[in-house]
Amino acid sequence: MSSPTQRSLKLMRERGFHAEVVERWIPGANVRRDLFGFVDVLCLGDTGDIVGVQSTSASNISARIAKISESPLVGRVRQAGIRIFVHGWKKVKGRWQVREVDIS
């Protein structure tokens with residue numbers, strides 16, 4: 001089974017973005033650390049569009065939006081022109097569906 005991050009990576013690539021996973025595993029601490037504290041996938045569009053994606057399950061969308069809103073770096077990310085999406089994934093009739101929330 002693929003992770004929410006892998007599904008978001010695939011979706012953004014299908015949309016024509018150059019997308020890369022930017023969360024990293026910290027050995028020893030046994031934790032994952034997102035870019036800027038909330039970006040799992042960084043996406044570059046052909047027209048200069050930059051999107052940071054936080055990927056999660058559909059049931060955790062509200063918690064992720066709150067986490068991003070409380071981040072001390074969210075203002076700088078927005079000032080830099082980086083759009084912020086939250087992707088919430090759930091399975092419907094055996095297929096993965098995404099709810100995308102733009103919180104730019």
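When 89, 96 are checked against the criterion of being closer than 15 Å to residue 6 by Cα, touching a helix residue (DSSP H, G or I) at 6+ places or on another chain (Cβ under 8 Å), buried (at least 17 other Cβ atoms within 10 Å of the Cβ) and in contact (Cβ under 8 Å) with a residue 24 or more places away in the chain, a single residue qualifies: 89. Taken together, the residues in segment 10-52 that are open to solvent by 60 Å² or more (accessible area, probe 1.4 Å) and touching a residue at least 60 places away in the same chain (Cβ under 8 Å) amount to 0.
Count of segment 38-92 residues, restricted to those that are of a type in the set (A, V, I, L, M, F, W, C) and within 17 Å of residue 13 (Cβ to Cβ), is 10. Mind checking whether some residue in segment 56-69 is under 15 Å from residue 6 (Cβ atoms), touching a helix residue (DSSP H, G or I) at 6+ places or on another chain (Cβ under 7 Å), of a type outside the set (Lys, Arg) and open to solvent by less than 50 Å² (accessible area, probe 1.4 Å)? For segment 56-69, residues under 15 Å from residue 6 (Cβ atoms), touching a helix residue (DSSP H, G or I) at 6+ places or on another chain (Cβ under 7 Å), of a type outside the set (Lys, Arg) and open to solvent by less than 50 Å² (accessible area, probe 1.4 Å): present.
For segment 3-36, a tally of residues being in contact with a helix residue (DSSP H, G or I) (Cβ under 8 Å, 6 or more places away or on another chain) and not charged (D, E, K, R) returns 3.
The values are calculated or read from the model by the stated rules, or taken from the named source; none is laboratory data. Because the structure is a prediction, the values reported are computed rather than measured. Reconstructed Cβ throughout: ideal geometry from the backbone, glycine too, with neighbour counts over all protein chains shown. For the accessible areas, the whole protein counts, side chains as well, though only heavy atoms, and no ligand, DNA or RNA atoms are used. Shrake-Rupley method; radii C 1.70, N 1.55, O 1.52, S 1.80 Å.
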